[in-house]
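*Asks:* Here it is, the structure in full.
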Amino acid sequence: MKSILALTTALLATTGVQAHYIFQQFTSGGTKHAAWKYVRKNSNPAWLQNGPVTDLSSTDLRCNVGGQLSNGTETVTMKAGDEFTFTLDTAVYHAGPVSLYMSKAPGLVKDYDGSGQWFKIYDWGPSGNSWPMRISYTSNIPRCIPDGEYLLRIQQLGLHNPGAPPQFYISCAQVKVTNGGSTNPSPTALIPGAFKSTDPGYNVNVSLYC
């Protein structure tokens with residue numbers, strides 16, 4: 001009986017890992033850096049490292065579970081306008097949009113918990129009846145934002161059929177922006193608070209789109 005229970009637990013853990021994904025690598029200057037070098041590693045156990053966040057009132061919604069702390073994550077220096085890429089451990093396979101957000105730290109980003117204002121810089125949405133389900137996503141640091149240190153947040157919203165809560169797959173990179181502009185980004189919002197269960201599209205019937 002004991003061995004059967006252990007096997008069942010192991011199978012459930014393996015299934016849970018295979019059912020999810022996580023943004024863990026960051027590319028800048030044409031170099032794909034080691035996993036978690038510039039991306040804050042969440043504090044989930046190893047078998048749940050790539051699990052989603054579903055509590056819209058939790059501060060885990062900022063940079064994933066335990067992501068309010070840097071925990072030794074390094075900060076990459078980039079010029080405004082530079083290209084970057086987030087790469088996952090496995091390709092996205094839950095239908096839903098992918099979005100990028102930034103939040104300026106009041107000082108060093110390694111000391112910042114993400115409690116300030118966030119602004120969106122890019123969205124990947126559906127094209128016809130196809131969602132952007134990839135293993136990597138590439139964009140650019142906005143040219144107009146001021147110099148400083150930022151949390152650069154990527155979010156994939158895993159939509160499920162009505163009645164099932166959406167799953168937020170989240171990671172944050174630590175970025176120092178140079179050669180920037182003087183525009184104060186607007187609009188901004190706090191996380192948590194920016195997302196509500198009543199927002200349009202959170203309970204869309206994805207069977208119509210995939």
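*Asks:* Add -39500 (n - 2.57) for each DSSP H run of 4 or more in the chain, then divide by its residues: what number comes out at 222 nm, to the nearest 500 deg cm²/dmol?
*Replies:* Helices in the chain give a 222 nm mean residue ellipticity of -3000 deg cm²/dmol.
*Asks:* If you don't mind, another one. Go ahead and collect, in residue order, the members of the range 79-115 whose backbone nitrogen is under 19 Å from a label point 7 Å along the Cα-Cβ direction of S186.
*Replies:* Answer for this model: 102-104.
*Asks:* According to a simple spin-label model (label point 7 Å from Cα along Cα-to-Cβ), what is the distance in nm between I135 and E83?
*Replies:* Taking the two extended label points, one gets 1.8 nm.
*Asks:* Follow-up. Percent relative contact order of the chain, based on C-alpha pairs within less than 8 angstrom and at least six residues apart?
*Replies:* Working: 494 pairs, mean separation 53.0, N = 210.
Worked out over the chain, it gives 25 percent.
*Asks:* Rounded, prolate or oblate: pick one for the range 79-174, where a ≥ b ≥ c are the square roots of the eigenvalues of its C-alpha gyration tensor, a/c under 1.5 means rounded, and failing that, prolate if a/b is larger than b/c, else oblate.
*Replies:* Prolate is the answer for the range 79-174, as a/c is 1.5 or above and a/b outweighs b/c.
*Asks:* Angle, helix 2-18 long axis vs. longest principal axis of the chain, Cα atoms, 0 to 90°, nearest 10?
*Replies:* The helix 2-18 is inclined about 40 degrees to the chain.
*Asks:* Assuming R0 = 35 Å, what is the FRET efficiency of N71 and C144, from their Cβ-Cβ distance, to the nearest 0.05?
*Replies:* After rounding to 0.05, the efficiency reads 0.70.
*Asks:* Using the per-residue mean of other Cβ atoms lying within 10 Å as a proxy for protection, in what order, highest first, do the peptides 131-137, 37-43, 84-90 fall? Intermediate values should be presented prior to the final figure.
*Replies:* Working: 131-137: 16.3, 37-43: 21.9, 84-90: 17.9.
Top of the packing list down: 37-43, 84-90, 131-137.
*Asks:* When the chain is treated as a GNM, springs tying every alpha-carbon pair under 10 Å, which of T188, T138, T73 comes out with the largest mean-square fluctuation?
*Replies:* Answer for the Gaussian network model of the chain: T138.
*Asks:* May I ask you to rank E74, E149, E83 by accessible area, largest first, using a 1.4 Å probe over the protein chains only?
*Replies:* Sorted by accessible area, descending: E83, E74, E149.
*Asks:* Determine Rg/Rh for the chain; Rg is computed over alpha-carbon atoms and Rh is the Kirkwood hydrodynamic estimate from the same atoms.
*Replies:* So for the chain, dividing Rg by the Kirkwood Rh gives 0.98.
*Asks:* Obtain the nm distance between the two label points defined at L108 and T178 by a simple spin-label model: each point lies 7 Å from its Cα along the Cα-to-C-beta direction.
*Replies:* A separation of 1.8 nm, rounded to one decimal place.
*Asks:* Between Y93 and K196, what is the label-to-label distance in nm when each label sits 7 Å out along the Cα-to-Cβ direction?
*Replies:* Modelled inter-label distance: 3.5 nm.
The values are calculated or read from the model by the stated rules, or taken from the named source; none is laboratory data. On a predicted model such as this, the values are computed, not experimentally measured, just so you know. Cβ atoms come from the backbone with ideal geometry, glycine included; neighbour counts cover every protein chain shown. Side chains included, ligands, DNA and RNA excluded: accessible areas come from the protein's heavy atoms. Shrake-Rupley method; radii C 1.70, N 1.55, O 1.52, S 1.80 Å.
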